[in-house]
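Q: If you scroll down you'll find the structure; I have some questions about it.
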Amino acid sequence: MAKRAAIVTGASSGIGLAIAQTLGGEGYGLTVAARRPDKLEAAAEGLRSQGFEVNAVAGQLTEEEVVQRVVASHRERFGRLDVLVNNAGVGLGAPVGEIQTKRLDLQIDLNLRSIILFYRECVDLLRAAGAEHRNALVVNTSSISGKSGQAWLSVYSATKAAVVGFTQAMHRELGAEGIKSTALCPAFVDTPMTDFVKGQVSAEEMIRPEDIAAAVKLLLDVSPACVIPEIQFLRPAEAL
Ligand SMILES: NC(=O)c1ccc[n+]([C@@H]2O[C@H](COP(=O)([O-])OP(=O)(O)OC[C@H]3O[C@@H](n4cnc5c(N)ncnc54)[C@H](OP(=O)(O)O)[C@@H]3O)[C@@H](O)[C@H]2O)c1
């Protein structure tokens, strides 16, 4: 049985899968969660083939009951939680006059509400890890659009800004118990989510999912006395 364990949501592709790879390589037992069962199982098999211990739970993380099922399954399989990665998210663009209520609710429920629910459901396990080694970690995938709201992506931007706010609050609320929280705020990353923009920005010009995973590895290693409340990932043109 792995000595440390992690939950990674949205782990069936892109950033979440890269983070799961990195955590698996660091010896973490993994519970991976995402929406579509077939895609998730294929990703889980790929991780198992590298020798990692992987528990996969598929479902809509917009549903409270599914969040609870993921955490219960993880608890049963590993009995501990050292790292929680709240990464599942969706971006649905629309001009403000055409925002559809269903798409508004989906983005709020997945990008923000599910993160809050995961914290609530996991906090006892995180506290136990914090009490043991003072270095439990929660990573929440926000976006650079959470730092600077983007036209057409207004709802997405608002949910991601809220993730930064919630992360700051959690860091202040739980930090003294040995539980670090960090929001990741990337610009375009080369994943299926950015396929819609690859006509204008090539995949080679984008941040790689592995770059985000490398930041998570750094967060594992930094001392709990060192606060990294957010990390922004800019592309060269944006960094000027
Ligand atoms: N790519 C970027 O440029 C970029 C930039 C900034 C922030 N982000 C954020 O990074 C995170 C990961 O995105 P990505 O780029 O890696 O995209 P991705 O490859 O499309 O991955 C999204 C993941 O979230 C899962 N997911 C989507 N809806 C879900 C739902 N209702 N319930 C459970 N799981 C669901 C997906 O599973 P299914 O495929 O089965 O739906 C998939 O595993 C998101 O929070 C996104 O907002 C991305």
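The values are calculated or read from the model by the stated rules, or taken from the named source; none is laboratory data. Everything quoted here is computed from the prediction, not taken from an experiment. Ideal geometry is used to build each Cβ from the backbone, glycine not excepted, and the neighbour counts take in all protein chains shown. Calculation scope for accessible area: heavy atoms of the full protein, side chains included, ligands and nucleic acids excluded. Shrake-Rupley method; radii C 1.70, N 1.55, O 1.52, S 1.80 Å.
Q: Out of everything in segment 200-223 that is in a loop (DSSP other than H, G, I, E, B) and open to solvent by 80 Å² or more (accessible area, probe 1.4 Å), what residue ends up being nearest to the ligand (Cβ to nearest atom)?
A: 208
Q: Here is a further query. Among the listed residues 58, 11, which satisfies the condition of being aliphatic (A, V, I, L, M) and under 26 Å from residue 185 (Cβ atoms)?
A: One residue alone meets the criteria, 11.
Q: Which pairs do you get when a residue that is under 11 Å from residue 11 (Cα atoms), found in segment 46-61, comes within reach of a residue that is open to solvent by 30 Å² or more (accessible area, probe 1.4 Å) and polar (S, T, N, Q), reach meaning Cβ atoms under 7 angstrom, with the pair 6+ apart or on two chains?
A: Close Cβ pairs (under 7 Å, with a partner that is open to solvent by 30 Å² or more (accessible area, probe 1.4 Å) and polar (S, T, N, Q)) amount to 47/21; 57/73.
Q: Is it the case that some residue within segment 41-49 is near the ligand (Cβ under 10 Å from one of its atoms) and touching a Leu at 6+ places or on another chain (Cβ under 6 Å)?
A: yes
Q: Return the pair list, or none, for Cβ contacts closer than 8 Å from residues in segment 214-240 that are farther than 19 Å from residue 175 by Cβ to residues that are of a type outside the set (A, V, I, L, M, F, W, C), at least 6 apart or on different chains.
A: As it stands, the answer is 214/22; 217/22; 217/26; 232/147; 232/186; 233/186; 233/211; 235/205, since those pairs meet every condition given.
Q: Also, quick follow-up: Taking the condition touching a residue at least 12 places away in the same chain (Cβ under 8 Å), in contact with a Gly (Cβ under 8 Å, 6 or more places away or on another chain) and among the hydroxyl-bearing types (Ser, Thr, Tyr), does residue 22 pass?
A: Considered against the rule, which asks whether it is touching a residue at least 12 places away in the same chain (Cβ under 8 Å), in contact with a Gly (Cβ under 8 Å, 6 or more places away or on another chain) and among the hydroxyl-bearing types (Ser, Thr, Tyr), residue 22 comes out as no.
Q: Would you check if residue 159 is within 12 Å of the ligand (Cβ to nearest atom) and of a type in the set (S, T, N, Q)?
A: yes
Q: Return the only residue of 194, 167 being modelled with pLDDT of 95 or more, in a helix (DSSP H, G or I), over 16 Å from the mean Cα position of the chain (by Cα) and within 16 Å of the ligand (Cβ to nearest atom).
A: Just a single option satisfies the conditions, and that option is 194.
Q: For segment 170-191, how many residues meet the condition of being more than 16 Å from the ligand (Cβ to nearest atom) and small (Gly, Ala, Ser)?
A: Residues in segment 170-191 being more than 16 Å from the ligand (Cβ to nearest atom) and small (Gly, Ala, Ser): 3 in total.
Q: Of all helices (runs of 4 or more DSSP H) completely enclosed by segment 1-112, which ones contain at least 3 residues that are open to solvent by less than 20 Å² (accessible area, probe 1.4 Å)?
A: Answer list for segment 1-112: 14-25, 37-48, 64-78.
Q: Write out, first by first residue and then by second, each pair whose Cβ atoms fall under 9 Å of each other, whose residues are 6+ apart or on separate chains, and whose first residue, in segment 75-103, is more than 18 Å from residue 120 (Cα to Cα) while the second is open to solvent by 30 Å² or more (accessible area, probe 1.4 Å) and modelled with pLDDT under 95.
A: From segment 75-103, the pairs are 78/1; 93/196.
Q: Picking from 147, 180, which residue would you name as being in contact with a strand residue (DSSP E or B) (Cβ under 8 Å, 6 or more places away or on another chain) and open to solvent by less than 50 Å² (accessible area, probe 1.4 Å)?
A: One residue alone meets the criteria, 180.
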